[in-house]
Amino acid sequence: MQLPNTVHAGAGVNHAGTVELSSESPGASRESPPAESAPPLDPRLTANLKYDIPAGLVVFLVALPLCLGIALASGAPLLSGIVAGIVGGLVIPLVSRAQLSVSGPAAGLAAIVLAGITNLQSFQAFAMAVVIGGVLQLALGVLKAGAISHFFPSSVIKGMLAAIGVLLILKQLPHAVGFDKDNFASESFKADGGNTFTMLGQAAQAIEWGAFLLSAICLAILVGWEKSRLAKISWLPAPLAAVLVATLGNELFKAAIPSLALEQKHLVTLPTGDLVSALQLPDWSAILRADVWVLGVTLAIVASLETLLNLEAVDRIDPWHRKSPPNRELVAQGLANMLSGFAGGLPVTSVIVRSSANTNAGARTRVSAFMHGALLLLAVVFAAGLLSRIPLACLATILLVTGYKLAKPKIFAEMHQLGWNHFIPFVVTIAAIVLTDLLKGIAIGLAVGVLFVLRAQMSRVFDVIHEGARVTIRFNKAAYFFTQGKLVTLLERLPSDTHVVVDAQGVSYVDHDVAELVRRFQQSARRRNIHVELRGF
């Protein structure tokens, strides 16, 4: 008896797998295990205050150095980072229905903010773009576009986050060694051939040893904190401990080793006195500029995407398995970004680091996020002088660690294990973002991802089974127009004097062009004495 000889037309390896994201990264695998069960939640506000107020204090301590550090990484006034944290904390909890999500300035937007301020050559014009972005986000929420995150493959999202990590590392290394010149992004710097790598070369030749020493100490604290018993101190997170040690260390340098002490230009600079007059409010004349609108659209898309991915991740670690409405969240984020832009702040998103800290600290409702915003406001009003003693090198080190977590080698290994269909779009997205900008890089990565989806869709569409003078071409999956090339090749190779069965039974969809191609072949095949039998057409 002759066994059928089966040939897989267009065969290819279709790698599949799930992606697990770390607590530092937005988004989570849909196959992730649910959070552990928790005791029943008391709906009364007063019953949860004893949990939410301490959690809000912890989130405030985590958020304070991050707000300053992200503003530094963005090339923006440091006060704008605090403003964004305050708005994200006070406004969003009043509108959002996400119980554990905490919003504020995000490291994921630092690269696009830096490029935006550079291109517009004015922070006030950038603030106008933030307002526009907020309006567009609000419109997306009203139009119920909360499902937008599902249209981006995980490989592109992971690539975006890893690229942001790489950019954070490259941009913050000079600040970590005390090279705090403010002209890296200026047009004259670029005109002289300056770029990120020439900046690194300049920084290596102009090291402030006091800053270098403080950065090394902060790095040791941040890396070793979680492995030590100090991690059990819930009210003292590692970033805050690093800030306290670096600040006290610089004060010690002033008293004992003046040659290592950092000047004010290497420290946080916040206005004291009338803070309202220090705010850099939006330039309303910039609303007519096309480049401001392009940046506003970019901020709306990227901030919405990051927020929605973070929201899904936070819902997965919620002990009570609550589901946050994404459209409502977009409305809340849009309002917050409008107000942040009005007040001269950075754009805000839901932030996974602060949200994770909020959850781990035992928060139960949105009160904890509101509490953290109120504490940020009190800090900038009453403690601006103390904040101005923080070394910039310490904030840069915090962001270096954040960048490493976003782009650590383990992520590259995980993506490689998923196969080339995931790994190549991931790597292309990283390279494109680093070499161009965030929006172009995402677009390039998405295009490559779509090409691999088409490649996977074209694999094993048809099986060819030879049984003597009988040949069966069986459709295995939906046949779209782009599979015509594979089918034409198969039909041309069929031998004369055969009986051919083209079987599309059980397939959900056959494109009109494919069906017409098969019918034309049925008519022309008679010349070669090929009888064609169609099934399922």
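The values are calculated or read from the model by the stated rules, or taken from the named source; none is laboratory data. Computed from a prediction, not measured in an experiment: that's the story for all the values here. Here the Cβ is made from the backbone with ideal geometry for all residues, glycine too, and neighbour counts use every protein chain on show. Note: areas computed on protein heavy atoms with side chains; ligands, DNA, RNA excluded. Shrake-Rupley method; radii C 1.70, N 1.55, O 1.52, S 1.80 Å.
Would you say residue 65 is open to solvent by 20 Å² or more (accessible area, probe 1.4 Å), assigned to a helix (DSSP H, G or I) and modelled with pLDDT under 85? Break it down into steps so the answer makes sense when it comes.
Working: open to solvent by 20 Å² or more (accessible area, probe 1.4 Å): no; assigned to a helix (DSSP H, G or I): yes; modelled with pLDDT under 85: yes.
No: the conditions fail for residue 65.
Test residue 297 against the criterion of being in contact (Cβ under 8 Å) with a residue 60 or more places away in the chain, open to solvent by 10 Å² or more (accessible area, probe 1.4 Å) and within 21 Å of residue 84 (Cα to Cα), and give yes or no.
Working: in contact (Cβ under 8 Å) with a residue 60 or more places away in the chain: yes; open to solvent by 10 Å² or more (accessible area, probe 1.4 Å): yes; within 21 Å of residue 84 (Cα to Cα): yes.
Against the criterion (in contact (Cβ under 8 Å) with a residue 60 or more places away in the chain, open to solvent by 10 Å² or more (accessible area, probe 1.4 Å) and within 21 Å of residue 84 (Cα to Cα)), residue 297 qualifies.
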Considering only the stretch 224-242, I want to know if a residue exists there that is surrounded by fewer than 20 Cβ atoms within 10 Å (Cβ to Cβ), acidic (Asp, Glu) and touching a Ser or Thr at 6+ places or on another chain (Cβ under 7 Å). no
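Is it true that residue 310 is open to solvent by less than 40 Å² (accessible area, probe 1.4 Å), at pLDDT 90 or above, in a helix (DSSP H, G or I) and among the polar types (S, T, N, Q)? Give the derivation first.
Working: open to solvent by less than 40 Å² (accessible area, probe 1.4 Å): yes; at pLDDT 90 or above: no; in a helix (DSSP H, G or I): yes; among the polar types (S, T, N, Q): yes.
When the stated conditions are applied, residue 310 does not pass them.
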When restricted to 345, 373, the only residue outside any helix (DSSP H, G or I), surrounded by 24 or more Cβ atoms within 10 Å (Cβ to Cβ) and at pLDDT 90 or above is 345
Single residue of the stretch 172-195 satisfying the filter (on the phi < 0 side of the Ramachandran plot and at pLDDT 70 or above) that is most open to solvent (accessible area, probe 1.4 Å): 173
Of those in the stretch 442-490 that are part of a helix (DSSP H, G or I) and of a type in the set (Lys, Arg), the residue most open to solvent (accessible area, probe 1.4 Å) is 455
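Of everything in the stretch 103-123, what is of a type in the set (A, V, I, L, M) and either in a helix (DSSP H, G or I) or modelled with pLDDT of 90 or more (or both)? Give them in sequence order. Full working, then the answer.
The first filter runs over the stretch 103-123 and keeps only residues of a type in the set (A, V, I, L, M), leaving 106-107, 109-115, 117, 120.
Result: 107, 109, 110, 111, 112, 113, 114, 115, 117, 120.
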Please go through the stretch 423-446 and give me each residue that is of a type outside the set (Val, Ile, Thr), over 20 Å from residue 297 (Cα atoms) and out of contact with any Pro (no Cβ under 8 Å at 6 or more places or on another chain), ordered by number. 423, 426, 431, 435
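Against the definition (hydrophobic (A, V, I, L, M, F, W, C) and free of Cβ contacts under 8 Å to residues at least 40 places away in the same chain), how does residue 313 come out, yes or no? Give the steps one after another, and end with the answer.
On the way: hydrophobic (A, V, I, L, M, F, W, C): yes; free of Cβ contacts under 8 Å to residues at least 40 places away in the same chain: no.
No.
Just give me the residues in the stretch 68-80 being touching a Phe, Trp or Tyr at 6+ places or on another chain (Cβ under 9 Å) and part of a helix (DSSP H, G or I), in sequence order.
Let us first name the residues in the stretch 68-80 that are touching a Phe, Trp or Tyr at 6+ places or on another chain (Cβ under 9 Å), namely 75-77, 80.
Of everything in the stretch 68-80, just one residue is touching a Phe, Trp or Tyr at 6+ places or on another chain (Cβ under 9 Å) and part of a helix (DSSP H, G or I), namely 80.
The rows are residues; the columns are (1) modelled with pLDDT of 50 or more; (2) in contact with a helix residue (DSSP H, G or I) (Cβ under 8 Å, 6 or more places away or on another chain).
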| position | (1), (2) |
| --- | --- |
| 14 | no, yes |
| 45 | yes, yes |
| 50 | yes, no |
| 59 | yes, yes |
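Looking at 110, 125, 71, can you tell me which residue is within 26 Å of residue 327 (Cα to Cα) and in contact with a helix residue (DSSP H, G or I) (Cβ under 9 Å, 6 or more places away or on another chain)? I'd like the intermediate steps shown before the answer.
On the way: 125 fails: within 26 Å of residue 327 (Cα to Cα); 71 fails: within 26 Å of residue 327 (Cα to Cα).
After applying the criteria, what remains is 110.
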Do we find that residue 277 is part of a helix (DSSP H, G or I) and either surrounded by fewer than 17 Cβ atoms within 10 Å (Cβ to Cβ) or in contact with a Cys (Cβ under 7 Å, 6 or more places away or on another chain) (or both) in this structure? yes
